[in-house]
1. Mind checking which residues of region 146-176 are in a loop (DSSP other than H, G, I, E, B) and hydroxyl-bearing (Ser, Thr, Tyr)?
2. Among the residues of region 100-124, what is the count of those that are β-branched (Val, Ile, Thr) and assigned to a helix (DSSP H, G or I)?
3. Give all pairs with beta carbons closer than 7 Å in which a residue from region 24-46 that is over 13 Å from GLY64 (Cα atoms) meets a residue that is surrounded by 13 or more Cβ atoms within 10 Å (Cβ to Cβ) and hydroxyl-bearing (Ser, Thr, Tyr); count only pairs at least 6 apart in sequence or on separate chains.
4. If you check every pair at least six apart or on different chains, which have Cβ atoms under 7 Å apart with a residue in region 346-358 that is touching a residue at least 12 places away in the same chain (Cβ under 8 Å) and over 18 Å from TYR236 (Cα atoms) first and a residue that is of a type in the set (S, T, N, Q) and not in a loop (DSSP other than H, G, I, E, B) second?
5. Could you say which residue among ARG88, ARG83 is under 29 Å from GLY153 (Cα atoms) and free of Cβ contacts under 8 Å to residues at least 24 places away in the same chain?
6. Could you figure out which of (1) of a type in the set (Lys, Arg); (2) closer than 30 Å to SER167 by Cβ; (3) in contact with a Ser or Thr (Cβ under 7 Å, 6 or more places away or on another chain) isn't true of LYS131?
7. Just give me the residues in region 224-233 being out of contact with any helix residue (DSSP H, G or I) (no Cβ under 6 Å at 6 or more places or on another chain) and buried (at least 17 other Cβ atoms within 10 Å of the Cβ), in sequence order.
8. I'd like the full set of residues that are surrounded by fewer than 16 Cβ atoms within 10 Å (Cβ to Cβ) and not charged (D, E, K, R), limited to region 314-334.
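None of the figures in this text is laboratory data; all of them are computed from the coordinates on show. Remember, predicted model here, so these are calculated numbers, not experimental data. Here the Cβ positions follow ideal geometry from the backbone for every residue, glycine too, while neighbour counts run over all protein chains shown.
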Amino acid sequence: MRDRLGIYIHIPFCVSKCSYCDFYSIAGGKQRMPDYQSALLSHISESAEAIESYEIDSIYIGGGTPSCYGAKRIVEILDELKRIGNVRLDSEITVEVNPDTTKLEELKLLRSEGVNRLSIGVQSANNDILKIIGRRHNFRQAEIAVDTAREAGFENVSLDLIYGLPSQTRGDWADTLSRALELHPEHLSCYGLKLEEGTPMYRSYLGSPLIPDEDEQADMYLYTVDTLAHYGLKQYEISNFAIPGYESRHNLKYWQLGDYMGFGPGAHSCAGGVRYSYVRDLDRYVSAVVGDSMIIDEYEQIVPIQKATEYLMLGMRTTHGISEKEYHRIYRSDWEPIEETFELFERKGWAERDGERWHLTPAGFLISNVLINAVLEAQTGAKVENNPWMRDAFRQEKKQELPQGEYERFTSVYKDKLN
């Protein structure tokens with residue numbers, strides 16, 4: 001039986017850039033889309049040998065703004081994956097769309113070709129706030145986009161929302177949640193604003209009293225958890241909520257250490273014990289596909305100790321949590337310090353045990369970075385103290401840059417890992 005694989009396709013085009021976004025994308029660029037499509041299809045085709053050893057059970061087309069790229073191009077990408085891969089009939093296939101670029105005929109075409117999940121970037125129900133953060137749509141357009149998705153036959157719709165935005169009050173956020181719930185989404189992603197260095201909002205709002213402080217954002221977050229649970233959307237990851245059965249299978253693959261391959265500038269992959277990413281530049285990516293330059297930006301071979309660490313880091317982001325049995329399946333090490341740390345969290349109300357599994361509570365998710373670091377320190381201290389021979393393995397955890405001219409060597413190692 002083949003292992004399962006997720007595919008991520010990055011569409012690096014937007015009509016305009018939002019002021020908070022640090023994902024790699026370019027505004028406009030319509031004239032560059034044909035060349036990018038050609039390079040993307042060639043890259044997927046060249047990767048056929050690696051893909052064929054898996055069954056593809058999730059495909060996620062993100063960006064950027066895939067809905068401004070055109071449904072016909074997206075269908076071509078899906079057709080290429082179906083041609084060379086083993087795309088399961090029950091695969092989850094997601095496309096991100098923005099309300100201002102959502103068209104009924106385009107959605108009907110996507111739905112007829114197997115796309116069964118839409119992720120709509122709504123962000124806020126407050127039109128003034130939408131303008132502040134550089135969104136091109138208003139909330140009425142978001143409502144129409146959801147109605148259009150339903151008319152096109154989509155029964156799995158996710159909405160993206162952001163709290164902690166400039167001048168946003170708790171009442172504003174409560175109104176956004178209420179109006180989003182009236183659209184009856186199967187899934188909601190609710191992210192706290194993070195000011196990313198290099199973005200316009202970072203320059204304008206870092207340290208500004210217009211940004212809700214930590215206590216206000218914490219109140220918004222806890223209100224979100226309680227409100228969505230009341231309406232049947234269960235939290236399954238720090239920022240993600242779904243009607244049971246509608247959790248994002250593709251995103252769960254990331255959090256549960258599944259294999260995935262990405263295509264496009266800046267896309268990341270993790271498969272066969274190797275993690276790597278591609279150059280974060282459209283022109284360099286297109287040039288690299290035809291062999292004129294290096295396509296790999298970073299790579300690393302994942303040693304068992306690192307995989308165990310990632311199991312803890314990612315598992316603690318989910319309500320499914322972690323267990324000693326799963327941890328030992330990945331790496332044989334002393335579990336007791338980790339258990340003792342979670343028992344301390346439990347006394348503080350930050351974690352709880354469900355049978356043999358530990359997971360954070362909503363209060364724990366609020367300080368998840370601190371708690372995850374505490375668990376990793378407990379894990380690391382135990383390993384170094386009890387297993388001095390592992391010091392060399394620890395040194396391998398740092399990312400390595402792929403040396404110039406080493407692409408062929410990397411490719412051969414990667415293929416060996418998959419076969």
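1. So the first thing to find is which residues in region 146-176 are in a loop (DSSP other than H, G, I, E, B), and the list is 152-156, 164-169.
Answer for region 146-176, where residues must be in a loop (DSSP other than H, G, I, E, B) and hydroxyl-bearing (Ser, Thr, Tyr): SER167, THR169.
2. Residues that pass the stated criteria total 1.
3. Close Cβ pairs (under 7 Å, with a partner that is surrounded by 13 or more Cβ atoms within 10 Å (Cβ to Cβ) and hydroxyl-bearing (Ser, Thr, Tyr)) amount to ALA39/TYR285.
4. none
5. On the way: ARG88 fails: free of Cβ contacts under 8 Å to residues at least 24 places away in the same chain.
Going through ARG88, ARG83 in turn, the sole match is ARG83.
6. LYS131 satisfies every listed condition except (3).
7. THR224, LEU228, LEU233
8. Selection gives HIS328 alone.
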